[in-house]
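> The structure follows.
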Amino acid sequence: MTDKAKTPKFPMPRAAGCPFDPAPELARQAPVSRVRLWDGSTPWLITRYADVRALLADPRVSVDVTWPGFPHTNAVSKARDTRMKTLMQLDAPEHTAQRRLLTADFTIRKMTALRPRIQRIADALVDDLLAGPNPADLVAAFALPLPSLVICELLGVPYADRDFFQRVARTLVMDEPDPEQAMAASEELNAYLEDLVATKAADPEDDLLSRLAVEQFRTGAMTRREIAVLGQLLMVAGHDTTTAMIALGVTALFAHPEQLRAVRDGDPEVVAGAVEELLRYLSITHTEARRVAREDLEIGGTRIRAGEGIIAVKSTANRDPAAFPDPGMLDVGRKARHHVAFGYGTHQCLGQGLARVELRIAYRTLLRRLPALAPAVPLERLAYKENAVFYGVRELPVTW
């Protein structure tokens, strides 16, 4: 029987006074232990790097949110996800088939081909920064529009509609949103994307939604709603995660001036390594990787029974000294590519190649073109998104 008084609640906030670190309560937890969720359920919490990787690669666990015992983030996500499952909530073979529809659009070769266009977007945004007021909010002026423009072009969503989809996305990625607002926002975005799919089926262009409209909707393989749900996942995850990483990564570099100088003065290989280290160090996904055991299994010497929920904590896995010596230190020279910020196994982030290209270009362009870039307010005054799915800084006033 679980002792309610001794079972900590999850999620836990970042460490007080150190906004980049996981909550110290997590470090004090046993590597495999029980936590209490919003609904009183007590799933298993997995915190060690090796155990997290093993779990995420284990076919005996499921991402299916309709399984009894699945550890839902909150009541809203439970209602939404069980009614409208996305690629992230599908097991094989459905997951394999749906992911295969998208892999051609996210290959390394395709991402490499996008580099010149992403670079032009980044340079244009810095041009606008230089021509505008100083100081400025780096989130609004650069971190948000860069990935938004890129994902819009990739999907074929008109960027002129950005105010609409950014407003809807903000509602969808809050960790504890108002239930009615969240469901309404999801339906609003689905309706918008369904109309767009119909338009592209009639007049296709060179983008992902057009290809799905022609190859899947026209042939009857997928409905407009099914394509819209897939598009919603790509839109929201494709811009909000990278927005958070750009701004939070710059904030972390501000807090470590010697690391900032190393990135600013380094060659592309140094910047690429810095991106991996920042991904490890920051681990921005607050909801972590949630699973449910389909059959009995053992993790870290602990027996987990079929039907029990499991939460794999990527932020603590990325701070495990067994995998990353002196893990609390930000070291952009570290070889950190083996981090689990993008997950692991069959559900590893599909868009990780795109995110890497965007982040490398973003950090390098900002620091090379704005060598005197600095915070315009003391870092301790910044406000963070403690209650969002993706952790980040709300605004980042900068000067140059």
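The values are calculated or read from the model by the stated rules, or taken from the named source; none is laboratory data. Keep in mind the model is a prediction, meaning the values are calculated, not measured. Note: ideal-geometry Cβ built from the backbone for every residue, glycine included; neighbour counts use all protein chains shown. Protein only, heavy atoms only, side chains kept; ligands, DNA and RNA dropped before computing areas. Shrake-Rupley method; radii C 1.70, N 1.55, O 1.52, S 1.80 Å.
> Per residue, how much accessible surface does the chain expose to a 1.4 Å probe? Answer in Å², no decimals.
Per residue, the chain has an accessible area of 43 Å².
> Eigenvalues of the Cα gyration tensor times 5, then square-rooted: what semi-axes does that give for the range 267-400, in whole angstrom, largest first?
Rounded to whole Å, the semi-axes are 33, 18, 14.
> For Val214 paired with Arg261, estimate the spin-label separation in nm (one decimal), with each label point 7 Å from Cα along the Cα-to-Cβ line.
5.3
> Which distance in nm do the two modelled labels at Glu395 and Thr7 give, with both placed 7 Å along the Cα-to-Cβ direction?
Result for the modelled spin labels: 4.1 nm.
> Given a Förster distance of 45 angstrom, what is the FRET efficiency for Ala30 paired with Lys110, based on the Cβ-Cβ distance and rounded to 0.05?
0.55
> Suppose R0 equals 41 Å; then what is the FRET efficiency for Ala124 and Ala75 from their Cβ-Cβ distance, rounded to the nearest 0.05?
Plugging the Cβ-Cβ distance into 1/(1 + (r/R0)^6) gives 0.45.
> Along the positive direction of the dipole of the range 46-204 (beta-carbon charges: Lys, Arg +1; Asp, Glu -1; about the Cα centre), which of Val76, Leu193, Pro59 reaches farthest?
Pro59
> Carbon and sulfur: what percent of the range 147-249's accessible surface (1.4 Å probe)?
Here carbon and sulfur together make up 50 percent of the probe-accessible area.
> Using a 7 Å offset from the Cα along the Cα-to-Cβ direction at both Asp163 and Ala131, what is the distance between the two label points in nm, to one decimal?
Rounded to a tenth, the inter-label distance reads 2.0 nm.
> For the chain, what is the calculated [θ] at 222 nm in deg cm²/dmol (nearest 500), taking -39500 (n - 2.57) for each run of four or more DSSP H residues and dividing by its residue count?
About -14500 deg cm²/dmol.
> So what are the radius of gyration and Dmax for the Cα set of the range 252-329, in Å?
Looking at the range 252-329, its Cα Rg and Dmax stand at 17.3, 52 Å.
> I'd like the accessible area for Cys349: 1.4 Å probe, protein heavy atoms, all chains in place, Å² to the nearest 10.
50
> Quick one: check the C-alpha center-to-center distance for the range 87-155 versus the range 15-31, whole angstrom.
31
> Now a separate question. By per-residue mean of other Cβ atoms within 10 Å, what is the highest-first order of 7-18, 290-301, 140-151?
Sorting 7-18, 290-301, 140-151 by mean packing, highest first, produces 140-151, 290-301, 7-18.
> Only four residue types carry charge here, +1 at the Cβ of Lys and Arg and -1 at the Cβ of Asp and Glu. Report the dipole size of the chain about the Cα centre in Debye, rounded to the nearest 20.
820
> Let me ask something else. Report the extension gain between Glu205 and Ala221 in nm, rounded to one decimal, defined as 0.36 nm multiplied by the number of residues separating them, less their alpha carbon distance.
Using 0.36 nm per residue and subtracting the Cα-Cα distance, I get 3.8 nm.
> Also, I was wondering about something else. With a 1.4 Å probe and every protein chain left in place, tell me how much accessible area Met235 has, in Å² to the nearest 10.
Accessible area, nearest 10 Å²: 0 Å².
> Still on this structure, please answer the following. If you take the beta carbon distance between Ala92 and Asp296 as r and set R0 to 22 Å, what does 1/(1 + (r/R0)^6) give as a FRET efficiency, to the nearest 0.05?
Approximately 0.65, to the nearest 0.05.
> Also: Long-range amide H contacts for Ile46: which residues qualify at under 5 Å (H placed 1.01 Å from N, peptide plane, sequence gap of 5 or more or a different chain)?
Hits under the 5 Å cutoff: Ile311, Ala312, Val313.
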